[in-house]
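Student: Once you've had a glance at the structure underneath, I'll fire off some questions.
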Amino acid sequence: MGSIFASMEINATALAAQRVRMNLIAENLANAEVTRTPTGGPYRRKGVVLGTRGTPGFEGLLKAGDVSGGVEVLKIVESQAPPNPVYNPSHPDADSTGYVAMPSINPVMEMVDLMSASRAYEANVSAIQIAKSMMAKTLEIGR
(Lines give C-alpha, C1' and ligand atoms only; values in the text may rest on other atoms or scores of the structure.)
Protein backbone atom coordinates (compact mmCIF):
# COMPACT_ATOMS: atom_id res chain seq x y z
CA MET A 1 0.00 0.00 0.00
CA GLY A 2 2.96 2.32 0.65
CA SER A 3 4.05 2.28 -2.97
CA ILE A 4 0.55 3.35 -4.05
CA PHE A 5 0.77 6.38 -1.75
CA ALA A 6 4.26 7.10 -3.10
CA SER A 7 2.98 6.97 -6.68
CA MET A 8 0.17 9.36 -5.73
CA GLU A 9 2.70 11.77 -4.21
CA ILE A 10 4.84 11.60 -7.34
CA ASN A 11 1.79 12.38 -9.47
CA ALA A 12 0.88 15.23 -7.12
CA THR A 13 4.33 16.80 -7.65
CA ALA A 14 3.81 16.51 -11.41
CA LEU A 15 0.40 18.20 -11.08
CA ALA A 16 1.98 21.11 -9.20
CA ALA A 17 4.76 21.44 -11.79
CA GLN A 18 2.31 21.46 -14.71
CA ARG A 19 0.20 24.06 -12.89
CA VAL A 20 3.27 26.34 -12.67
CA ARG A 21 3.94 25.72 -16.37
CA MET A 22 0.34 26.59 -17.33
CA ASN A 23 0.43 29.76 -15.19
CA LEU A 24 3.60 30.93 -16.96
CA ILE A 25 2.06 30.25 -20.37
CA ALA A 26 -1.01 32.28 -19.38
CA GLU A 27 1.28 35.10 -18.21
CA ASN A 28 3.14 35.00 -21.55
CA LEU A 29 -0.11 35.21 -23.52
CA ALA A 30 -1.43 38.03 -21.34
CA ASN A 31 1.75 40.06 -21.88
CA ALA A 32 2.31 39.34 -25.57
CA GLU A 33 1.69 43.01 -26.44
CA VAL A 34 3.42 44.68 -23.45
CA THR A 35 6.13 47.01 -24.73
CA ARG A 36 7.10 48.64 -21.44
CA THR A 37 7.86 46.82 -18.17
CA PRO A 38 9.05 48.16 -14.80
CA THR A 39 12.55 46.83 -15.58
CA GLY A 40 12.51 48.55 -18.98
CA GLY A 41 11.90 47.28 -22.48
CA PRO A 42 9.29 44.81 -23.68
CA TYR A 43 8.04 41.83 -21.69
CA ARG A 44 10.28 38.78 -21.93
CA ARG A 45 8.76 35.33 -22.37
CA LYS A 46 9.10 33.10 -19.31
CA GLY A 47 9.60 29.36 -19.29
CA VAL A 48 9.99 26.69 -16.65
CA VAL A 49 12.76 24.14 -16.23
CA LEU A 50 11.44 20.91 -14.71
CA GLY A 51 13.52 18.13 -13.21
CA THR A 52 13.30 15.01 -11.11
CA ARG A 53 13.04 15.19 -7.35
CA GLY A 54 14.92 12.60 -5.34
CA THR A 55 15.29 9.09 -6.68
CA PRO A 56 14.13 8.87 -10.30
CA GLY A 57 12.19 5.90 -11.60
CA PHE A 58 10.75 2.97 -9.69
CA GLU A 59 13.79 2.34 -7.49
CA GLY A 60 12.38 4.75 -4.90
CA LEU A 61 8.99 3.04 -5.00
CA LEU A 62 10.51 -0.34 -4.21
CA LYS A 63 12.07 0.84 -0.95
CA ALA A 64 9.69 0.57 2.01
CA GLY A 65 8.50 3.97 3.17
CA ASP A 66 10.56 5.86 0.59
CA VAL A 67 8.49 8.61 -1.02
CA SER A 68 11.30 10.18 -3.01
CA GLY A 69 10.91 10.89 -6.68
CA GLY A 70 8.62 13.14 -8.57
CA VAL A 71 8.85 16.39 -10.47
CA GLU A 72 10.06 19.75 -9.25
CA VAL A 73 10.43 23.20 -10.71
CA LEU A 74 14.17 23.76 -10.95
CA LYS A 75 13.94 27.36 -12.13
CA ILE A 76 11.93 29.88 -14.08
CA VAL A 77 13.89 31.42 -16.94
CA GLU A 78 13.36 34.50 -19.09
CA SER A 79 13.91 34.27 -22.82
CA GLN A 80 17.00 36.00 -24.14
CA ALA A 81 15.51 36.26 -27.64
CA PRO A 82 15.67 39.78 -29.06
CA PRO A 83 12.39 41.70 -29.27
CA ASN A 84 10.49 41.74 -32.55
CA PRO A 85 10.63 45.14 -34.26
CA VAL A 86 7.19 46.18 -35.51
CA TYR A 87 6.65 49.31 -37.58
CA ASN A 88 4.08 51.49 -35.81
CA PRO A 89 5.14 55.16 -35.74
CA SER A 90 2.00 56.19 -33.81
CA HIS A 91 2.83 53.92 -30.84
CA PRO A 92 4.07 55.80 -27.74
CA ASP A 93 7.09 53.47 -27.45
CA ALA A 94 8.16 53.81 -31.10
CA ASP A 95 11.77 54.78 -31.68
CA SER A 96 12.93 57.54 -34.03
CA THR A 97 12.51 55.24 -37.07
CA GLY A 98 8.94 54.30 -36.10
CA TYR A 99 9.68 50.77 -34.88
CA VAL A 100 8.35 49.37 -31.59
CA ALA A 101 10.20 46.60 -29.73
CA MET A 102 7.50 43.95 -29.20
CA PRO A 103 7.87 40.84 -27.01
CA SER A 104 9.22 37.77 -28.80
CA ILE A 105 6.14 35.65 -28.09
CA ASN A 106 4.42 33.43 -30.63
CA PRO A 107 0.80 32.93 -29.42
CA VAL A 108 0.40 29.78 -31.54
CA MET A 109 3.43 28.14 -29.92
CA GLU A 110 2.22 29.23 -26.49
CA MET A 111 -1.14 27.53 -27.17
CA VAL A 112 0.64 24.34 -28.27
CA ASP A 113 2.66 24.42 -25.02
CA LEU A 114 -0.57 25.01 -23.08
CA MET A 115 -2.22 22.00 -24.71
CA SER A 116 0.82 19.86 -23.89
CA ALA A 117 0.81 20.99 -20.24
CA SER A 118 -2.93 20.40 -20.03
CA ARG A 119 -2.57 16.85 -21.39
CA ALA A 120 0.23 16.10 -18.92
CA TYR A 121 -1.95 17.45 -16.10
CA GLU A 122 -4.86 15.24 -17.22
CA ALA A 123 -2.59 12.18 -17.40
CA ASN A 124 -1.46 12.71 -13.82
CA VAL A 125 -5.04 13.18 -12.61
CA SER A 126 -5.92 9.87 -14.31
CA ALA A 127 -2.97 8.14 -12.65
CA ILE A 128 -4.11 9.36 -9.24
CA GLN A 129 -7.65 8.15 -9.94
CA ILE A 130 -6.33 4.72 -10.96
CA ALA A 131 -4.25 4.50 -7.76
CA LYS A 132 -7.34 5.40 -5.71
CA SER A 133 -9.32 2.71 -7.51
CA MET A 134 -6.57 0.16 -6.84
CA MET A 135 -6.62 1.03 -3.13
CA ALA A 136 -10.40 0.61 -3.01
CA LYS A 137 -10.17 -2.79 -4.74
CA THR A 138 -7.44 -3.86 -2.30
CA LEU A 139 -9.67 -2.96 0.63
CA GLU A 140 -12.56 -4.92 -0.91
CA ILE A 141 -10.37 -8.02 -1.18
CA GLY A 142 -9.57 -7.76 2.53
CA ARG A 143 -13.24 -8.00 3.51
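The values are calculated or read from the model by the stated rules, or taken from the named source; none is laboratory data. Source: prediction; values computed, not measured. Virtual Cβ from ideal backbone geometry, glycine too; neighbours counted across all protein chains shown.
Student: If I filter the stretch 20-51 down to residues being part of a helix (DSSP H, G or I) and in contact with a strand residue (DSSP E or B) (Cβ under 7 Å, 6 or more places away or on another chain), which single residue comes out as farthest from Ser79 (Cα to Cα)?
Tutor: Per the criteria, the residue is Val20.
Student: Let me ask something else about it. Considering only strands (runs of 3 or more DSSP E) fully contained in the stretch 62-143, which possess at least 1 residues that are of a type in the set (D, E, K, R)?
Tutor: Correct list: 71-78.
Student: Between a residue in the stretch 21-41 that is on the phi > 0 side of the Ramachandran plot and any residue that is assigned to a loop (DSSP other than H, G, I, E, B), which pairs come within a Cβ distance under 9 Å, given they are 6 or more apart or on different chains?
Tutor: Gly41/Thr35; Gly41/Pro83
Student: Among Asn31, Asn84, which is the only one that is at pLDDT 90 or above and in contact with a Pro (Cβ under 7 Å, 6 or more places away or on another chain)?
Tutor: Just one listed residue meets the conditions, Asn31.
Student: Please give the number of the condition Val100 fails out of (1) surrounded by fewer than 14 Cβ atoms within 10 Å (Cβ to Cβ); (2) of a type in the set (Val, Ile, Thr); (3) touching an Asp or Glu at 6+ places or on another chain (Cβ under 8 Å).
Tutor: (1)
Student: I need every pair where a residue in the stretch 121-143 that is closer than 20 Å to Ala17 by Cα and in contact (Cβ under 8 Å) with a residue 12 or more places away in the chain has its Cβ under 8 Å from the Cβ of a residue that is among the acidic types (Asp, Glu) and not in a helix (DSSP H, G or I), sequence separation at least 6 or different chains.
Tutor: No pair meets every condition.
Student: Any chance you could count how many residues in the stretch 34-54 are out of contact with any Pro (no Cβ under 7 Å at 6 or more places or on another chain) and under 20 Å from Ser116 (Cα atoms)?
Tutor: The qualifying residues number 7.
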